[in-house]
Amino acid sequence: MARLILFFLFLFLAAVSDLKSRNIPDWMPCLIAVSGLLPPGQLHIAGLLVCLPLFIAGITAGGIGGGDIKLTAACGVVLGFDRAFTGLFLALCLLAVWHRMRMEAGRIRGKKRENGKRQAYPLVPFLWIGMLVSVRSAGVM
């Protein structure tokens, strides 16, 4: 239980950093991964594969930062592939809903988006919520 509390505390700090500066310090994913070593924890090496969809999307389409990819990999190492993948899926669904709400709010207010301008959002706050729901639904916390 203590390792999950630390995990979510560190992930929350990364979310705050992502919200404030759109930057995740390099030491933050390491700290999150190390939190998985606390008893009764074990590292789930297969959980590293959770970041693969973000990595491929970052290479092909862009718009996804390296910090988001590293942080997702760290979540996979701590939570395991299944829970981390579920958390990532939930996070991306929440992000899509947030984006749609922002687009509709802009349309209602009459704001037009500039052609070719891409909308950027911090991913880690959504990742924090997705991982929390994934762990809670698994009955771990």
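Just so you know, all these numbers are worked out from the coordinates, no wet-lab data involved. Predicted model only: the values in this text are computed from it and were never measured. Every residue, glycine as well, gets a Cβ built from its backbone with ideal geometry; the counts of neighbours run over all protein chains shown.
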Across segment 52-72, the tally of residues that are among the small types (Gly, Ala, Ser) and in a helix (DSSP H, G or I) stands at 4
Which listed residue, of Trp128, Trp98, is aromatic (Phe, Trp, Tyr), part of a helix (DSSP H, G or I) and more than 14 Å from the chain's Cα centre (by Cα): Trp98
Could you check, for segment 73-91, whether at least one of its residues is touching a Lys or Arg at 6+ places or on another chain (Cβ under 7 Å), in a helix (DSSP H, G or I) and under 17 Å from Gly130 (Cβ atoms)? no
Within segment 60-81, the residues that are without any contact (Cβ under 8 Å) to a residue 12 or more places away in the chain and either more than 20 Å from Arg22 (Cβ to Cβ) or acidic (Asp, Glu) (or both) are Thr60
Tell me the residue from Ala91, Ala84 that is at negative phi and in contact with a Cys (Cβ under 6 Å, 6 or more places away or on another chain), please. Ala84
Out of all the residues in segment 21-30, which are surrounded by 18 or more Cβ atoms within 10 Å (Cβ to Cβ) and farther than 25 Å from Arg118 by Cα? Met28, Pro29
Is there a residue in segment 105-121 that is assigned to a helix (DSSP H, G or I) and either crowded, with 17+ Cβ neighbours inside 10 Å or touching a residue at least 12 places away in the same chain (Cβ under 8 Å) (or both)? no
Which of (1) surrounded by 13 or more Cβ atoms within 10 Å (Cβ to Cβ); (2) in contact with a helix residue (DSSP H, G or I) (Cβ under 8 Å, 6 or more places away or on another chain); (3) within 20 Å of Phe8 (Cα to Cα) is the odd one out, the single condition Phe55 does not satisfy? (3)
Pro39 passes all but one of the listed conditions (1) touching a helix residue (DSSP H, G or I) at 6+ places or on another chain (Cβ under 9 Å); (2) closer than 20 Å to Ile64 by Cα; the exception is number (2)
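Rundown of residues vs (1) part of a helix (DSSP H, G or I); (2) touching a residue at least 40 places away in the same chain (Cβ under 8 Å), yes/no style:
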residue	(1), (2)
Ser17	yes, yes
Pro29	yes, yes
Val34	yes, no
Leu38	no, no
Gly41	no, no
Val50	yes, no
Checked segment 62-79 for anything closer than 17 Å to Leu4 by Cβ and surrounded by fewer than 20 Cβ atoms within 10 Å (Cβ to Cβ); matches are none
